[in-house]
Amino acid sequence: MCEVHDVVILTKGDINSLSLRYGVSTRDALLLLSAVLKETYDALFFKQYINLSEADLEVWKSYLKRRGGEEPIAKIVQKKEFYGIEYKTNRHTMDPRPETELIIDLFKKYYKNFESDLSILDLGSGTGCLGLTVLSIYKNANCEFVDISEEALNITHENAINLNLLDRCAFTISDWFSNVKGCYDVIISNPPYVSMKFKLDRATLFDPKNSIYAKNDGMESYEKILPNAPAFLNKNGKLIIEIGFDQKEKIARLQTQLSLVEIVKDMSGIYRTCVFENV
Ligand SMILES: C[S@@+](CC[C@H](N)C(=O)[O-])C[C@H]1O[C@@H](n2cnc3c(N)ncnc32)[C@H](O)[C@@H]1O
């Protein structure tokens, strides 16, 4: 590593040795550096030398240290892509997961007219990735975002501003339906569903616990959402909801006046998303 007047010049060899020192892959080290320098990964990858300030070097090293402690890159750089859109995320929100994109695919399967003025409720919005992605596709739709965590709802709000969608959004702090007043065409939800008995991998430990775990063997969210959803859905309205890998049978047995339309597998072959209808 070479230093000239507060500017540090990094070679590929410097990046490799720093990656090794912090126990981070070279790819991750470059990804983190691209976030510090606000340049693309590809742009950095093809550079022979990378110039950065002393201050940026210190930020990058702090990122490498966190990554060496297995913190997910999304948590460190505070952003994660979902359905091709970048969302801000932080320690109060769960990072959007690829399997949750199935909810958007199913939404598009059932609502083929992208011009329709659908009213949507996003229950447990977190980053807002579900409702905001739907609003970016359905230009006349509107969405109410609900979360029990005010900090999480603040991030939903920030993402709505960043995506220029604020005028079609409403935000409510609520324990599921407790503060919800309206009736909707579609409810979308990815609630916490992991059993308290389940030991999570280290990366998931950086997500807030109330976005992951649910009581009653992971079923508590569904026990609250499914029986109450009919009162908040218009006739023929749909509930599209994500479930855990072992919950298909338990969900099918839950008491609700909604009719179960289908349970769809994700790309790993796991039953992941249920579609219910208010018949
Ligand atoms: C699994 S995260 C989903 C976040 C986002 N919708 C997604 O798919 O990435 C679940 C969200 O539900 C929220 N939540 C947990 N319990 C809740 C409750 N009782 N009422 C409303 N929201 C709740 C959490 O704060 C968290 O943001």
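Below are the figures for this structure:
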item: Where a residue in region 181-202 is at pLDDT 95 or above and its partner, wherever it lies, is near the ligand (Cβ under 9 Å from one of its atoms) and assigned to a loop (DSSP other than H, G, I, E, B), with Cβ under 6 Å and at least six apart; result: Ser189/Gly124; Pro191/Gly124; Pro192/Ile212; Val194/Ile212
item: Condition met for Lys238 (at pLDDT 95 or above and surrounded by fewer than 18 Cβ atoms within 10 Å (Cβ to Cβ)); result: no
item: Region 37-79, residues that are farther than 15 Å from Ser19 by Cα and of a type in the set (Phe, Trp, Tyr); result: Tyr41, Phe46, Tyr49
item: Matching strands (runs of 3 or more DSSP E) fully within region 33-148 where at least 2 residues are crowded, with 23+ Cβ neighbours inside 10 Å; result: 119-123, 142-147
item: Test for Asp6: is it surrounded by 13 or more Cβ atoms within 10 Å (Cβ to Cβ), among the acidic types (Asp, Glu) and touching a residue at least 12 places away in the same chain (Cβ under 8 Å); result: no
item: Among residues of region 225-235, those that are surrounded by fewer than 18 Cβ atoms within 10 Å (Cβ to Cβ) and within 11 Å of the ligand (Cβ to nearest atom), counted; result: 0
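The values are calculated or read from the model by the stated rules, or taken from the named source; none is laboratory data. Note that the coordinates shown come from a computational prediction; the quantities given were computed from them, not determined experimentally. Methodologically, a virtual Cβ is constructed for each residue, glycine included, from the backbone with ideal geometry; neighbour enumeration extends over all protein chains shown.
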